[in-house]
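K.L.:
Below is one structure. I have some questions about it.
Nothing in this text is a laboratory measurement; each read-out follows from the coordinates by a stated rule. Please read these numbers as outputs of a predicted model, since none were measured by experiment. Every residue, glycine as well, gets a Cβ built from its backbone with ideal geometry; the counts of neighbours run over all protein chains shown.
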Amino acid sequence: MKLNPKIYAQLTHEPFATQEINGKIVEFHYLNDTPYLFQFASKGRFAIWTSDGNNYKVLVEKRYYEMLSDFYLPEVNTIWLNFLSKVGTLSRKVNNWFMIPSLILYVVVAGLGTLLFPDFTMEILIGMIVLVIIGNIFQGRYLNQKVAQENQNTQDEIRDFLGVERFNALVENQQLHYQEYFKFEEEPVQETVENVEKKEEENNGTKSN
């Protein structure tokens, strides 16, 4: 399954780490060394998987990787690649279940409607388009539910491998990284000369009263 193939093709510099998993090459590149840092990190995405359909390249923010390196162990990545493979297979199956029947139904009904009810051709075509759109909505929801379930199963499998304590510690590190990365220190507000003079006048007025 291809993932962000354009980004994959543009990552031509040397990776800082490489793994071979089930015949697949997985390269790791620091997100900091690419023009994509602001694009993804500003949205809270510090690790991005890319693929040409065969091998993988992972963009990961440097500090994020250092704090969560256990999430990128070969054993963990094996579990993750199995998830990506399952999602790709599931996506193709769902598309075949919904898209092909929908297209066949659209062609048949549109053809028969045009021949049998030529005065209502436009209404029939619009009705079929609406049905196709509704079908796509149900298809998307069904696929999202299946992917969410597979994702949960994958997380459970990773938790079992790492152990609950180790897994939870990594999750805490992840939250800590988010907090540190998006922490903005408040700068003290500098009062202008006018504000200071105004306050002194107010204070003097209060004292005089």
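K.L.:
Using only Cα atoms, find the angle between the long axis of helix 164-181 and the longest principal axis of the chain, and express it within 0 to 90 degrees, rounded to the nearest 10.
P.N.:
60 degrees
K.L.:
Which angle between 0 and 90 degrees, to the nearest 10, do you get for helix 121-162 versus the longest principal axis of the chain when only C-alpha atoms count?
P.N.:
60 degrees
K.L.:
Sorting M99, M128 on the 10 Å Cβ count, fewest up front, what's the list?
P.N.:
Working: M99 14, M128 18.
Exposure proxy ranking, most exposed first: M99, M128.
K.L.:
Could I ask something else about it? Mind sorting S42, S69, S102, S51 by how few other Cβ atoms lie within 10 Å of their own Cβ, fewest first?
P.N.:
Exposure proxy ranking, most exposed first: S42, S69, S102, S51.
K.L.:
Of K62/K93; K146/K183; K24/K183; K24/K146; K43/K93, which ones are farther than 28 Å apart at the Cα?
P.N.:
K62/K93; K146/K183; K24/K183; K43/K93
K.L.:
Please report the spacing between the Cα centers of segment 54-113 and segment 115-133 in Å, no decimals.
P.N.:
Value for the Cα centre distance between the two parts: 33 Å.
K.L.:
Would you please give the FRET efficiency between T89 and A169, computed as 1/(1 + (r/R0)^6) with r the Cβ-Cβ distance and R0 = 22 Å, to the nearest 0.05?
P.N.:
Approximately 0.10, to the nearest 0.05.
K.L.:
Counting other C-beta atoms within 10 Å, and keeping those with at most 10, which DSSP coil GluC sites (Glu not before Pro) do you find in segment 81-190?
P.N.:
On the way: sites: E123, E150, E157, E165, E172, E180, E185, E186; in loops: E185, E186.
Taking segment 81-190 and a limit of 10 other Cβ atoms within 10 Å, the loop GluC sites (Glu not before Pro) found are E185, E186.
K.L.:
Tell me, in nm to one decimal, what length is gained between M122 and S69 on full extension, where the rule is 0.36 nm per residue of separation less the Cα-Cα distance?
P.N.:
Details: separation 53, 0.36 × 53 = 19.08 nm, distance 5.83 nm.
Computed gain between M122 and S69 is 13.3 nm.
K.L.:
Kirkwood Rh over Cα pairs of the chain into Stokes-Einstein at 20 °C, 1.002 mPa s: D in µm²/s? All intermediate terms of the calculation are to be shown ahead of the outcome.
P.N.:
Working: Rh = 22.2 Å.
For these conditions, the coefficient is 97 µm²/s.
K.L.:
Now a separate question. Using only alpha carbons, build the gyration tensor for segment 1-67 and give me the equivalent ellipsoid semi-axes, biggest first, whole Å. Intermediate results must be reported in sequence, preceding the final value.
P.N.:
Details: eigenvalues 71, 36, 21 Å².
Over the Cα atoms of segment 1-67, the ellipsoid semi-axes are 19, 13, 10 Å.
K.L.:
Okay, moving on. I'd like the Kirkwood hydrodynamic radius of segment 69-186, using the inverse of the mean 1/r over distinct C-alpha pairs, in Å.
P.N.:
Numbers: mean 1/r = 0.0547 Å⁻¹.
In segment 69-186 this quantity evaluates to 18.3 Å.
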